[in-house]
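Worksheet: one structure, shown below.
Throughout, read-outs are computed from the coordinates displayed, never taken from laboratory work. Since we're looking at a predicted model, the values are computed, not measured. When we count neighbours, we look across all protein chains shown, and the Cβ atoms used for this are built from the backbone with ideal geometry, even at glycine.
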Amino acid sequence: MRVAVLGGTGSFGHALAVRLLAGGVHDVVIGSRDAARAAEAAAALDGTVGRTNEDAVRDADLVILAVKADGALETASAVAVPLGATPLLSVASAIEFRPGVGALPDPDALSLAERIQDVVAAPVVAGLHSIAAASLGAARPDEDALSVATTRTRSSSCWHWPASSLRGGHSMPVLFGARVRSKA
C-alpha cells in the first residue's frame, strides 16, 4: 500500500510517517509544497521518498492531509485533480485551543473536513484530532481515536478506534483506508 503524507515535513506529518513505517507500511511518500523540503524530510526516514504534494498523491492508495488547518483547503484544492477518487484522511482541524479556556469549535457552519470534501472528488475522512504529534512520534499512541466520514449528501459514519487496537501492530491509516473503501 502506498500512503502519501501531505505536510510530511511538519511535526505531525513526520510523526505519522514514522508510525506508518513502524506499523509495516513500506511505501510512504512525503509531500510538501517544496520538493527540496520533502526530499530532505524523506531522507531522514528510511523507506520514504519526498515529492511535491501534487506528485505525492499520484498512484497513492491513501492520502493523509497533515497540513495546518489554515492551509488545508488550499492544499486540497491544489491536489484535487491528481488525487481523483483516492481516499483522503484529513488530520487538520480548525479547533482552537486556548489556555484557561479550553477548546473552541470551528466558527464555520461546516467542519474543515466537509469544506475539504467540497473541493475534492475523493471520499474524505476526518480523524486523529485527539492525538498530539509528540504522543504519536514517541511510540504507538495509548489513546483512543475517532474518525468521521461525511458524504457529499452530508450523511456521516463514525468509527471508534480503541487504543488497544492501535497498539496491536496495525497501522491506523491502513485500517482507515479499508474502512473508507468499504463504506464509501
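Of note:
- Length released on extending from residue 96 to residue 109, taking residue separation times 0.36 nm less the Cα-Cα span: 3.2 nm
- For residue 89, distant residues with modelled amide H under 5 Å away: 63, 64, 65, 125
- A straight line joining the Cα centroids of segment 108-128 and segment 13-60 runs 22 Å.
- Charge context of residue 56, other residues only, Cβ under 15 angstrom, K/R +1, D/E -1: -2
- Here the 3J(HN,Hα) profile of segment 23-37, calculated from phi with Karplus coefficients 6.51, -1.76 and 1.60 at θ = phi - 60°, is x, x, 7, 9, 10, 10, 10, 8, x, 7, 5, 10, 4, 5, 5 Hz, Gly and Pro shown as x.
- Maximal additional length on extending the residue 43-residue 74 stretch stands at 8.6 nm, based on 0.36 nm per residue less the C-alpha distance.
- Bins of 5 Å, starting at 0 and running to the largest distance - Cα pair percent for segment 6-82: 3, 18, 31, 28, 14, 5, 0
- Computed from backbone phi, the HN-Hα couplings of segment 110-125 come to 9, 5, 4, 5, 5, 5, 5, 4, 6, 10, 10, 7, 5, x, 10, 10 Hz, rounded to whole numbers (Karplus: 6.51 cos²θ - 1.76 cosθ + 1.60, θ = phi - 60°; Gly and Pro given as x).
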